[in-house]
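Chemist: If you scroll down you'll find the structure; I have some questions about it.
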Amino acid sequence: MKQTLLASCVGAVLTVVTITSCNKSPYPGYSFSENGVYSKFYKHDEKGVKPAEGDYVRLVMSYKNSKDSVLFDSKKNPSGKSYIEFPLSKSTFKGSFEDALTMMSVGDSASFIISADSVYLKTFRAKELPKYVVKGTMLTFEAALQKITPKAEVEAEKKKKMEERNAMLELRKNEEPKAMAKYLADNKITTKPSPTGLIYIEKTKGKGAKPTKGCKVKVNYTGRLLDGTVFDTSDKEAAKKANLYNEQRPYEPIEIPIGVGQVIPGWDEGIMMMNPGTKAQLIIPSSIGYGEQGQGPITPYSTLVFEVELLSFSAADAAPAAQAPAPKGK
């Protein structure tokens with residue numbers, strides 16, 4: 001009986017020693033887990049649902065270096081949101097922040113101590129440690145898990161949005177020819193389009209040679225949607241009139257290489273039809289404009305109307321520029 005009692009006592013002591021050994025941590029108040037994470041939970045629901053790889057997590061978080069300098073704080077997010085949201089990736093090393101997140105349930109808040117070297121070189125994939133991080137030191141993460149969105153739910157939402165976008169694109173694609181036809185009829189434009197669909201209407205005739213592929217051209221321009229909305233211009237007064245004026249932007253002619261794909265195809269084609277001094281209207285369908293992607297205020301499948309003036313151009317080898325003729329009386 002005594003031997004049995006002694007054996008039980010020894011077993012209990014060994015169990016306590018083993019647990020103590022597993023939780024041994026050089027950081028006071030932090031426990032060491034089998035996944036290599038040093039953690040200190042302020043609030044913890046052990047039975048709560050934990051995020052899995054691919055799930056989206058929403059966190060309020062910050063982390064600092066070994067000198068207590070805060071390197072990131074989601075509450076200072078430029079977007080105005082106090083949190084960050086991202087898919088939980090596969091762990092990049094044992095004891096990673098990804099491993100730490102798999103220990104958390106919604107509503108949990110905790111602190112984690114993680115190797116700075118591994119975070120920057122393995123998780124962030126930096127080529128070297130930044131100057132504000134000392135090699136061999138640790139980062140301290142503070143995190144509060146607000147929400148978990150399952151991977152399947154995220155993928156279903158993405159699929160729904162893609163289907164909605166495709167339906168919208170198909171509608172706009174079908175409406176573009178009708179919108180252009182109405183614009184041409186309303187403005188009594190009968191000019192035939194080029195094989196690409198460009199409608200080139202010369203307003204003022206210039207003189208001299210025309211720029212060719214690779215030439216650098218100097219132009220003034222104003223771009224409008226079919227409803228007359230100005231979306232961009234190099235003209236200061238036009239910008240003010242359209243409530244687009246930006247004090248930080250210079251309003252002056254732009255210089256660009258032409259015919260080499262640095263501008264939309266409709267510009268490449270239209271400007272190479274102009275002489276210095278020419279003013280022309282370019283009606284550009286989306287197929288030679290911004291296509292199904294659009295850009296900024298330009299929605300997908302938008303026909304654009306540009307007023308363009310070619311001031312001068314120079315050859316690709318920087319030969320002297322061909323200038324627009326001086327206005328009469330000058």
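Nothing in this text is a laboratory measurement; each read-out follows from the coordinates by a stated rule. Predicted model, so just to flag it, every value in this text is computed and none were measured. All Cβ positions, glycine included, derive from the backbone under ideal geometry; neighbour counts span all protein chains shown.
Chemist: Find the percent of Cα-Cα distances in segment 166-307 that exceed 19 Å, and round it to a whole number.
Modeler: 54
Chemist: Using alpha-carbon pairs under 8 Å, 6+ residues apart, how would you state the relative contact order of the chain in percent?
Modeler: So the answer I get is 14 percent.
Chemist: Mind ordering 180-189, 257-266 by average Cβ neighbours within 10 Å, highest first?
Modeler: Highest mean packing first, the order is 257-266, 180-189.
Chemist: To the nearest 0.05, what FRET efficiency results for L71 and E153 with a Förster distance of 35 Å applied to their C-beta separation?
Modeler: Efficiency, from the Cβ-Cβ distance: 0.65.
Chemist: Are any of the pairs K218/K240; K43/K159; K75/K159 more than 28 Å apart by Cα-Cα distance, and if so, which?
Modeler: From the list (K218/K240; K43/K159; K75/K159), the Cα-Cα distance tops 28 Å for K43/K159; K75/K159.
Chemist: Between exposed GluC sites (Glu not before Pro) in the chain, where DSSP calls loop and at most 10 other Cβ atoms lie within 10 Å, what's the longest gap?
Modeler: Formally, the longest exposed-site-free interval is 129-246.
Chemist: Could I get the Rg over Rh figure for segment 93-163? Both from C-alpha atoms, Rh via Kirkwood, rounded to two places.
Modeler: Ratio of gyration radius to Kirkwood radius for segment 93-163: 1.11.
Chemist: Using +1 on the beta carbon of Lys and Arg, -1 on that of Asp and Glu, and nothing else charged, what's the dipole of the chain about the Cα centre, debye to 20?
Modeler: Rounded to the nearest 20 debye, it is 500 debye.
Chemist: Could you give log10 I(q)/I(0) at q = 0.10, 0.14, 0.15, 0.21 Å⁻¹ for segment 27-153, computed by the Debye formula over C-alpha point scatterers of equal weight, without solvent?
Modeler: The calculated log intensity ratios at q = 0.10, 0.14, 0.15, 0.21 Å⁻¹ are -0.30, -0.60, -0.69, -1.39.
Chemist: Please give the helix 151-186 orientation as an angle from the longest Cα principal axis of the chain, in degrees from 0 to 90, rounded to the nearest 10.
Modeler: 10
Chemist: Say the dipole of the chain comes from +1 at the beta carbon of Lys and Arg and -1 at that of Asp and Glu; which of Q293, P265, S89 then lies farthest toward its positive end?
Modeler: P265
Chemist: How long are the semi-axes of the ellipsoid equivalent to the chain, from square roots of 5 times the Cα gyration tensor eigenvalues, in whole Å, largest first?
Modeler: After scaling each eigenvalue by five and taking roots: 66, 24, 16 Å.
Chemist: What are the ³J(HN,Hα) couplings of segment 272-277, residue after residue, when phi is run through the Karplus curve with 6.51, -1.76, 1.60 and θ = phi - 60°? Round to Hz, x for glycine and proline.
Modeler: These are the phi-based 3J(HN,Hα) values: 6, 9, 9, 9, x, x Hz.
Chemist: At a Förster radius of 51 Å, what calculated FRET efficiency corresponds to the Cβ-Cβ distance of S62 and T229, to the nearest 0.05?
Modeler: For R0 = 51 Å, the calculated efficiency reads 0.75.
Chemist: Putting +1 on Lys and Arg Cβ atoms and -1 on Asp and Glu Cβ atoms, find which of Q281, I148, Y38 reaches farthest to the positive end of the dipole of the chain.
Modeler: Q281
Chemist: Taking neighbour Cβ counts within 10 Å as the exposure measure, how do I254, I199 sort from fewest upward?
Modeler: I254, I199
Chemist: While we're looking at this one, here's another question. Quick one: of K122/K160; K47/K151; K64/K90, which pairs are farther than 30 Å apart, Cα to Cα?
Modeler: The answer is K122/K160.
Chemist: Between G107, S118, A238, whose Cα lies farthest towards the positive end of the dipole of the chain when Lys and Arg beta carbons carry +1 and Asp and Glu beta carbons carry -1, centred on the Cα centre?
Modeler: Value computed over the given set: A238.
Chemist: Now, a different point. Could you size up the charge dipole of segment 27-153 around its Cα centre, putting +1 on the beta carbon of Lys and Arg and -1 on that of Asp and Glu, and report it in debye to the nearest 20?
Modeler: Here the size comes out at about 380 debye.
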